[in-house]
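To start, the structure itself, in structure tokens.
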Amino acid sequence: MSSSSPSSSLSLSGGGGASSLPIETTASRLDRSAQRLNAPLSSSNPPTTESEGGPRASESVGINMSSPLHPDERDLKGGAEEELTEGLNEDVNGLEVDSTLEPEVDDVPAATPANLLPSTRSRPIPLPPQQIRSQPPRRWRANSNDSSHHHLPTNGQALDLDDATVEVSDMILNVSLNRPNPITSSPAVNQSQASNSKYTSSSTVAVSTGGQSGVDPDPPSSVVNLQLTSIAHNWQATKMTIKDRLSFMFNNEVLADIHFIVGKDAAQQRIPAHRFVLSVGSAVFDAMFNSKLATKDVEITLPDVEPASFLALLRFIYSDEVQIGPETVMTTLYTAKKYAVPALEKHCVDFLKHNLSADNAFMLLTQARLFDEPQLATMCLETIDKCTPEALNAEGFIDIDVDTLSSVLDRDSLRVKEARLFTAVLKWSEAECLRQGLSVNPSNQRTVLGPLLQKVRFPLMTVEEFAQGPGQSGILTDHESVTLFLYFTVNPKPPVKFLDVPRCSMSGKEQTVCRFQQIECRWGYSGSSDKIRFIVDRRIFVVGFGLYGSIHNPTEYQTTIQIFHTGSGRLLGSNESSFLSDGTNSTFRVMFKEPIEILPNTNYTANAMLKGIDSHYGTKGMRKVCVDCPLGLRVTFQFSYSAGNNNGTSVEDGQIPEIIFYT
């Protein structure tokens with residue numbers, strides 16, 4: 001079966017240089033090897049020559065070194081072993097097909113051009129396992145003797161030994177050609193296709209021609225690049241659980257059938273994935289791949305997602321492992337929400353809760369509102385309430401949006417002086433002017449604040465604080481400034497458009513303890529303070545007192561309310577104010593400018609000095625009163641008489657019927 005076609009050979013270019021190896025054809029090698037073995041090519045005893053139906057050189061042959069032979073086939077002749085000793089370098093980076101080399105052995109017949117054409121079948125060539133175990137890996141060689149017929153196989157075919165040289169051992173070596181037509185460009189055979197084939201080899205060789213569209217399909221010579229990709233032999237056997245097997249496939253080309261191009265510019269990454277796994281872990285991915293409008297793309301671009309966050313999402317879907325940090329938690333939360341993975345969302349929120357502090361409370365509050373995380377937003381606000389001065393000093397405060405600032409200014413629970421809060425708001429307005437490209441001046445600051453300015457509670461300031469701060473800022477109009485000065489200095493106080501409701505340092509519902517069971521008439525005032533001592537069993541914040549008013553017509557009372565630490569006599573809080581009584585026996589609220597912290601099991605004295613006509617008073621007072629609060633909390637008050645310059649109030653009767661507080 002020889003012909004006089006031109007001689008050819010195979011030139012190998014490896015990592016260390018190039019060498020030329022003479023090569024024989026598949027047909028002649030198979031015939032001669034079978035004859036020397038004196039055995040058929042398969043255990044079913046097929047014919048050994050081409051005329052008898054043996055394999056032809058035109059067939060594409062896959063190599064299976066793990067298939068056993070018939071017992072009569074287990075002796076290899078020495079000559080057959082010698083002709084299998086030369087071949088590829090083990091580290092092959094490229095293969096150049098050169099049709100000018102001569103055959104290695106003179107007695108090797110040349111193959112006809114027809115014998116060099118690949119077929120669509122792949123047939124394993126079995127060799128004795130016992131021989132292979134005792135010898136190093138064998139190197140098979142094949143050659144095309146006709147320079148006009150060195151075409152490579154198409155997609156899905158095994159690489160014909162007449163067109164390439166491969167190293168084989170005691171496992172199947174799969175070769176996947178990365179081209180659809182000879183030397184012509186088309187979608188490559190990706191690694192997932194190679195991985196989907198049945199294999200027991202520890203290596204898969206992917207062959208790509210590197211051809212360009214429009215190149216002549218039959219050039220004088222062709223270049224074949226061989227890439228070795230390491231795939232663990234029988235990796236499934238080493239993974240004992242489904243979690244282990246899926247974790248192995250995370251960010252792995254093995255069986256990958258979809259790729260994501262994630263990120264932008266230099267940070268962009270190409271990430272492999274598996275449609276089935278993603279569909280199981282995310283309803284969004286399920287709709288993306290399996291709905292009526294499912295995408296057919298093999299690559300999906302995600303420019304709005306950070307690569308690290310997307311990998312964190314995939315890691316969680318594949319293995320339930322959570323890998324988030326301070327730098328990636330917010331972008332991971334965004335990615336988890338985008339692809340509807342609520343379990344990962346919860347992990348991100350829990351991480352933020354655990355790391356929440358006054359320094360990052362405003363920044364996280366903005367993100368929580370953006371991502372619609374009400375629970376996280378509530379925790380941020382509670383942290384701001386408890387540590388308001390520290391939160392206002394944090395760098396993130398001036399970066400919050402106008403809606404977040406508005407929600408903070410609405411709160412009655414901020415634990416900070418109003419003058420300090422106004423300073424922080426003024427600083428935010430300066431930053432906002434810069435963000436909007438405006439010059440920083442009082443007019444523009446007032447413009448960017450808009451209705452927020454009305455939420456600053458100027459009446460809670462002292463006249464000194466107002467004069468040194470807002471009065472000189474230029475942000476208020478002349479009319480507003482004059483009205484506020486009058487509010488601080490004259491009685492009756494003129495109405496102002498700014499709130500005068502005091503702020504306190506806690507959230508939740510306002511609570512009131514009432515210590516009298518009955519109300520009587522005519523309690524007079526002679527310039528002395530009414531006092532009562534009290535103690536509580538848990539920490540609270542007192543924001544004001546409820547006082548009785550006139551027994552006759554509507555009357556205004558001037559009041560001074562105070563709280564002292566009984567043991568040290570230290571004044572904890574004081575406020576001078578007034579209230580208008582309508583002549584009923586109702587109580588009237590008189591508030592402190594700032595909440596006063598009351599610690600458990602500590603004696604405090606409540607003072608109230610009133611100037612006005614006779615009022616109602618309480619009787620049948622209780623020494624111990626329990627108040628049920630939200631969330632199942634309970635606060636117990638114990639009252640006792642306060643000696644000294646007292647207007648007559650005691651546990652049994654008198655003034656100060658109510659203490660207003662928050663838990």
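Close amide H partners of Y617, meaning residues 5 or more places away or on another chain with modelled amide H under 5 Å apart, are E520, C521, R522. Taking only the Cα atoms of the range 236-328, the radius of gyration and Dmax are 13.6, 40 Å.
Given the pairs K337/K417; K497/K593; K493/K624, which are separated by over 27 angstrom at their Cα positions?
Working: K337/K417 39 Å; K497/K593 18 Å; K493/K624 38 Å.
Going by Cα-Cα distance, K337/K417; K493/K624 fall outside the 27 Å limit.
Ranked from largest, the principal axis spans of the Cα set of the range 361-489 equal 44, 33, 21 Å.
Couplings 3J(HN,Hα) of the range 655-661, computed from phi: 9, 6, x, 9, 10, 9, 8 Hz, in residue order, whole Hz [Karplus 6.51 cos²θ - 1.76 cosθ + 1.60, θ = phi - 60°; x for Gly and Pro].
What FRET efficiency do you get for A467 and A431 if R0 is 25 Å and r is their Cβ-Cβ distance, rounded to the nearest 0.05? Walk me through the numbers on the way to the answer.
On the way: r = 26 Å, r/R0 = 1.03.
That gives a FRET efficiency of 0.45.
Along each principal axis, taking the top coordinate minus the bottom one, the Cα set of the range 511-662 gives 41, 31, 27 Å in descending order.
For the range 236-328, what's the relative contact order in percent, using C-alpha pairs closer than 8 Å and at least 6 residues apart? Show your work: numbers first, answer last.
Working: 120 pairs, mean separation 28.6, N = 93.
This gives 31 percent for the range 236-328.
Once you divide the Cα radius of gyration of the range 439-505 by 2.2 N^0.38 Å, the number left is 1.13.
Given 0.36 nm per residue, what is the gain on full extension from K624 to E556 after removing their alpha carbon distance, in nm?
Values: separation 68, 0.36 × 68 = 24.48 nm, distance 3.17 nm.
Gain on stretching K624 to E556: 21.3 nm.
Ordering V542, V501, V254 from the fewest to the most neighbouring beta carbons within 10 Å gives V501, V254, V542. In plain terms, the residue of S529, S357, S650 with the fewest other Cβ atoms within 10 Å comes first and the most crowded comes last, giving S357, S650, S529. Proximity of backbone amide H atoms, modeled 1.01 Å from N, is registered between I659 and V513, G546 at under 5 Å, excluding neighbours fewer than 5 places apart on the same chain.
Report the gain in length on full extension from T423 to A294: 0.36 nm times residue separation, minus Cα-Cα distance, nm rounded to one decimal. Mind showing how you got there, number by number?
Values: separation 129, 0.36 × 129 = 46.44 nm, distance 5.48 nm.
Additional length available on full extension: 41.0 nm.
With R₀ set to 45 Å, the beta-carbon distance separating R538 from D582 gives a calculated FRET efficiency near 0.85. Using a simple spin-label model with pseudo-atoms 7 Å out from Cα toward Cβ, E390 and D304 lie 3.6 nm apart. Subtracting the Cα-Cα distance of F276 and K239 from their residue separation scaled by 0.36 nm leaves 11.4 nm.
Each listed q (0.19 Å⁻¹) maps to a log10 I(q)/I(0) for the range 592-646, found by the Debye formula over equal Cα scatterers with no solvent: -1.08. Exposure proxy ranking for S550, S568, S574, based on other Cβ atoms within 10 angstrom of each Cβ and starting from the fewest, stands as S568, S574, S550. Couplings 3J(HN,Hα) for the range 445-454, derived from phi with the Karplus relation 6.51 cos²θ - 1.76 cosθ + 1.60 (θ = phi - 60°), are 4, 5, 5, 6, 6, x, x, 4, 4, 6 Hz, where x marks Gly and Pro.
Every number in this text was worked out from the coordinates using simple rules, so none of it is lab data. Everything numeric in this text was worked out from a predicted model, so none of it was measured. No Cβ is skipped: glycine too gets one built from the backbone with ideal geometry, and neighbour counts run over all protein chains shown.
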